[in-house]
């Protein structure tokens with residue numbers, strides 16, 4: 001499968017953090033970042049292997065300079081919901097298959113979805129949902145859903161939980177379940193047996209029953 005050619009409009013903190021966890025060298029054939037702020041452009045120029053352009057997302061001529069037909073993913077990450085909506089609309093007219101935008105207003109995000117412009121990421125809503133899920137899973141865990149006869153269970157680990165300080169390999173769930181993901185506040189990862197469970201971690205478990213939570217939460 002060919003590696004993607006990615007166009008990022010708006011080189012702010014979101015884009016900066018993205019490239020700390022997204023390996024440009026291995027995952028993309030080309031990454032183009034467009035920003036009109038010279039200070040932000042300098043940040044991405046230092047990363048390397050990123051083509052950094054001085055441009056305004058509202059200038060339609062910009063998209064004529066970029067070979068949009070070869071772009072496979074557009075990320076609209078400016079601080080303006082309206083500009084990000086416009087960027088996704090332009091990307092759709094060029095037939096860019098993957099279109100992702102950052103939004104703060106749920107109503108604009110709903111418009112993006114209803115018009116089929118792309119995938120809206122609503123930051124305040126996403127953060128609020130994560131916090132709500134954590135709060136509801138601190139005391140006894142939370143069932144997120146089911147796959148066949150098994151449940152997907154989330155457990156937020158607190159200082160009082162008996163598994164704190166244990167490695168994933170030391171936590172024995174027997175046939176009752178398996179820890180499939182660990183979230184450390186920055187990213188989800190498939191846990192290694194040597195990973196130490198810390199307060200604030202979130203564990204995602206594929207379990208036969210909710211009884212598995214007793215071994216985690218006491």
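What follows is calculated from the coordinates using simple rules that are stated; it is not laboratory data. Since we're looking at a predicted model, the values are computed, not measured. With ideal geometry, Cβ positions are generated from the backbone for all residues, glycine too; neighbour counts draw on all protein chains shown.
Which shape class applies to region 1-66: rounded if a/c is under 1.5, otherwise prolate when a/b exceeds b/c and oblate if not, where a ≥ b ≥ c are the square roots of the Cα gyration tensor eigenvalues?
Note, shape of region 1-66 comes out oblate.
Classify region 138-217 from the C-alpha gyration tensor, please: rounded if a/c falls under 1.5, else prolate or oblate depending on whether a/b exceeds b/c.
It comes out rounded by the Cα gyration axes.
Could you give the nm distance between label points at residue 45 and residue 150, where each point is 7 Å from its Cα heading toward the beta carbon?
Each label point lies 7 Å from its Cα, and together they span 5.1 nm.
For a quick check: sort 19, 188 by the number of other beta carbons within 10 angstrom, fewest at the front.
Least crowded to most crowded, the residues run 188, 19.
So what is the relative contact order of the chain, in percent, for Cα pairs below 8 Å that sit 6 or more residues apart?
That works out to 14 percent.
For the pair residue 107 and residue 127, how long in nm is the line joining their label points, each one 7 Å along Cα→Cβ?
Result for the modelled spin labels: 2.1 nm.
Pairing the Cα long axis of helix 38-47 with the longest principal axis of the chain, what angle in degrees results, from 0 to 90 and rounded to the nearest 10?
60 degrees
Taking the chain as the reference, fit the longest principal axis to its C-alpha atoms, fit the long axis of helix 81-93 to the helix C-alpha atoms, and give the angle between the two in degrees, 0 to 90, nearest 10.
That works out to roughly 70 degrees.
Please report how far the C-alpha centroid of region 119-198 lies from that of region 1-78, rounded to the nearest whole angstrom.
Computed from Cα coordinates, the inter-centre distance equals 33 Å.
In what order do 206, 186 fall by count of nearby beta-carbon atoms within 10 Å, going from fewest to most?
Lowest to highest Cβ neighbour count: 186, 206.
Residue 211 to residue 136: extension gain in nm, 0.36 nm per residue of separation minus the Cα-Cα distance?
Contour length minus the Cα-Cα distance gives 25.3 nm.
Rounded to the nearest 0.05, what FRET efficiency do residue 175 and residue 27 have when you use their Cβ-Cβ distance and R0 = 41 Å?
0.65
Taking Rh as the Kirkwood radius, which is the inverse of the mean 1/r over Cα pairs, what is the Rg/Rh value for region 5-127?
0.94
When the helices in the chain are scored as -39500 (n - 2.57) per DSSP H run of 4 or longer and the sum is shared across all residues, what 222 nm value do you end up with, to the nearest 500 deg cm²/dmol?
After summing the helix terms and dividing by the residues of the chain, the value is -9500 deg cm²/dmol.
How would 158, 194, 137 line up from fewest to most surrounding beta-carbon atoms within 10 angstrom?
Lowest to highest Cβ neighbour count: 194, 158, 137.
Between residue 192 and residue 167, 0.36 nm times their residue separation minus their Cα-Cα distance comes to what?
Stretched fully, the residue 192-residue 167 segment lengthens by 8.1 nm.
Let me make sure I get this right: for the chain, a, b and c are the square roots of the gyration tensor eigenvalues over alpha carbons, sorted descending. Under 1.5 in a/c it's rounded, otherwise prolate if a/b > b/c, else oblate. Which is it?
Prolate.
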